[in-house]
2 protein chains.
Amino acid sequence: MKEIEVPDIVVSRLPLYLRTLEFLAMEGREITSSAELAERLGLNPAQIRKDLSYFGSFGQQGRGYSVKGLIEALRQILNLEREWEVALVGVGDLGRALVHYQGFKDKGFRLALLFDNNPQKIGMKIGGLEIMDSALIPKLIPERGIKIAIIAVPPQEAQKVADVLVSAGVEAILNYAPVNLKVPPHVKVHYIDPVVGLRHMTYYLPRPQQ
Amino acid sequence: MKEIEVPDIVVSRLPLYLRTLEFLAMEGREITSSAELAERLGLNPAQIRKDLSYFGSFGQQGRGYSVKGLIEALRQILNLEREWEVALVGVGDLGRALVHYQGFKDKGFRLALLFDNNPQKIGMKIGGLEIMDSALIPKLIPERGIKIAIIAVPPQEAQKVADVLVSAGVEAILNYAPVNLKVPPHVKVHYIDPVVGLRHMTYYLPRPQQ
DNA sequence: TAGATTGTTAATCGATTAACAATC
DNA sequence: TAGATTGTTAATCGATTAACAATC
């Protein structure tokens, strides 16, 4: 039996389904439907059912989906049944904000290592973690078996940092630097650049008349 | 002559082209090609040429594109020929990081209004801007004609804030709260949720064997 | 049983890309 | 002129969604 390759665009929607389900669970809901999820996410119900069908059958005809059950299933599918330790490189304003961010907790991630190359910052403690010298990345990341890193350094440094992280064994990078990274094919990169989002939206804003 | 509707997926790539071109310009490059842009962005050269062709002809056969010329063209297409004033709601850790973020400057955006509903924070100055009471959104945003807002408040407050912003005339929202917002069709929302990005990538990370 | 909603097929729709004439 | 790269067409590829049988 040949394994069907799941399209990445399908995988990319699963975290949104999971987030919506976790929200419903918090509200105390026990059952939901593809129609309700679609309504909340602005998607088509058939798309949600199709997406889920790549992985199995999780609902009950005539009833819908158990919120708890589908959360469990998506956690398993997304490889979230363990807690992932994450390394953060660059403890500037954004880095500090990420250290204090409460949203990682209980979502499957924990910041475990902080790096910076500024001697002023190295040794400082923040959020209970000591800021380590970036030069120690090749030592500490393999030691801890860390696979996920967040890059929050200035754009000029981002590629160099990425290279070091990848040689240290990192396979997933959340990149806040406004730069496209070159990485080997086995490494995933997710980009967060507010300016890209803003510039996308200005296209639709009113233009000066004539 | 019927106007051809440009697909949103095409528009969404233009800011990436622009970012890459601005980077090339900084490096002093004068000419580039669809092949080079594609290489840097991990895309297909034909796709870039096709995307641009929705808006006109910006290159020269046999030579490529003038970096400066294409930057100009994309700025015009993306409605970036003015500077946009942006309101920020929620001056927590993330909000503060955004206030200090240098990446908005010279990219077409300037934080112009800060709001928070915490009496401790109202009246404080940060980055040269006074934090205003969120209750003043309906007064100050229309006064300044602001069309773009960034939401950086806790998830429970995000929908309420979005509603107020939209009634105040905002038409583009950059939402850092991990919540899907319900807004009228003329309002664009761009979502930034690091957990969604991380959870997408964990799908591809090594799983516990058996 | 009647009503509801899933899971899945097949049709539709839309995006990507190969190929090449145009042309600098 | 020869070489290079655009702009654009048309083919391919892939994603979305309508429709409905299955079934709870």
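Remark: A:Phe115 falls outside the filter, which requires a residue to be at pLDDT 95 or above, more than 20 Å from A:Ala172 (Cβ to Cβ) and aromatic (Phe, Trp, Tyr).
Of all residues in segment A:89-103, exactly one satisfies the criterion of being facing chain B (nearest Cβ under 7 Å) and under 20 Å from A:Ala25 (Cα atoms), namely A:Gly103. Based on this model, can you work out whether B:Leu88 counts as within 16 Å of the chain's Cα centre (by Cα), at pLDDT 95 or above, within 13 Å of DNA strand D (Cβ to nearest atom) and under 19 Å from B:His190 (Cβ atoms)? No.
The lone criterion from (1) among the hydrophobic types (A, V, I, L, M, F, W, C); (2) without any contact (Cβ under 8 Å) to a residue 60 or more places away in the chain; (3) more than 13 Å from DNA strand C (Cβ to nearest atom); (4) assigned to a helix (DSSP H, G or I) left unmet by B:Leu18 is number (2). When you scan segment B:116-132, do you find a residue that is among the small types (Gly, Ala, Ser) and assigned to a helix (DSSP H, G or I), even just one? Scanning segment B:116-132 turns up no residue that is among the small types (Gly, Ala, Ser) and assigned to a helix (DSSP H, G or I). Looking only at residues in segment A:36-65 that are of a type in the set (Gly, Ala, Ser) and within 11 Å of DNA strand D (Cβ to nearest atom), the one that is surrounded by the fewest Cβ atoms within 10 Å (Cβ to Cβ) is A:Gly62.
Restricting to segment A:160-184, count the residues that are more than 22 Å from A:Arg199 (Cβ to Cβ) and not β-branched (Val, Ile, Thr).
Residues meeting the conditions: 11.
The single condition among (1) under 14 Å from B:Val179 (Cβ atoms); (2) more than 13 Å from DNA strand C (Cβ to nearest atom) that A:Leu24 does not satisfy is (2). The residue list A:Val153, A:Val179, A:Val170 contains one member that is β-branched (Val, Ile, Thr) and closer than 22 Å to B:Asp93 by Cα, which is A:Val153. Is there a residue in segment B:135-152 that is in a loop (DSSP other than H, G, I, E, B) and among the acidic types (Asp, Glu)? No. With respect to the conditions (1) within 16 Å of DNA strand C (Cβ to nearest atom); (2) not in a helix (DSSP H, G or I), A:Leu70 falls short on a single one, namely (2). Sub-7 Å Cβ pairs linking a first residue in segment A:33-53 that is free of Cβ contacts under 8 Å to residues at least 24 places away in the same chain to a second residue that is in a loop (DSSP other than H, G, I, E, B) and more than 8 Å from DNA strand C (Cβ to nearest atom), at least 6 apart or interchain, are A:Ala38/A:Asn44; A:Arg40/B:Asn180, ordered by first then second residue. Has segment A:50-65 got at least one residue that is closer than 18 Å to B:Asn180 by Cα and either outside any helix (DSSP H, G or I) or within 13 Å of DNA strand C (Cβ to nearest atom) (or both)? No, because not a single residue in segment A:50-65 is closer than 18 Å to B:Asn180 by Cα and either outside any helix (DSSP H, G or I) or within 13 Å of DNA strand C (Cβ to nearest atom) (or both).
Quick one: is B:Leu136 under 28 Å from A:Val11 (Cβ atoms) and not small (Gly, Ala, Ser)? No. Regarding B:Ile122, is this residue within 16 Å of DNA strand C (Cβ to nearest atom) and away from chain A (no Cβ under 12 Å)? Spelling it out, it is not the case that B:Ile122 is within 16 Å of DNA strand C (Cβ to nearest atom) and away from chain A (no Cβ under 12 Å). Suppose we filter segment A:147-175 for residues that are more than 11 Å from chain B (Cβ to nearest Cβ) and aliphatic (A, V, I, L, M); how many remain? Going through segment A:147-175 one residue at a time, the tally reaches 9. Against the numbered list (1) within 12 Å of DNA strand C (Cβ to nearest atom); (2) more than 9 Å from every other protein chain (Cβ to nearest Cβ); (3) touching a helix residue (DSSP H, G or I) at 6+ places or on another chain (Cβ under 6 Å); (4) under 24 Å from B:Pro178 (Cα atoms), B:Phe115 comes up short only at (1). Of the candidates A:Leu174, A:Leu165, the single residue that is buried (at least 20 other Cβ atoms within 10 Å of the Cβ), part of a strand (DSSP E or B) and assigned by TED's automatic domain parsing to the domain that holds A:Leu113 is A:Leu174. Of all residues in segment A:186-200, exactly one satisfies the criterion of being closer than 13 Å to B:Tyr176 by Cα and either in a strand (DSSP E or B) or among the small types (Gly, Ala, Ser) (or both), namely A:Gly197.
Considering segment B:21-32, the residues that are within 14 Å of DNA strand D (Cβ to nearest atom) and without any contact (Cβ under 8 Å) to a residue 40 or more places away in the chain include one that is surrounded by the most Cβ atoms within 10 Å (Cβ to Cβ), namely B:Thr32.
The one condition from (1) free of Cβ contacts under 8 Å to residues at least 12 places away in the same chain; (2) closer than 24 Å to A:His190 by Cβ that B:Leu94 does not meet is (1).
The values are calculated or read from the model by the stated rules, or taken from the named source; none is laboratory data. Keep in mind that this is a model prediction, so the values were computed, not measured. Every residue, glycine among them, receives a Cβ derived from its backbone with ideal geometry; neighbour counts consider all protein chains shown.
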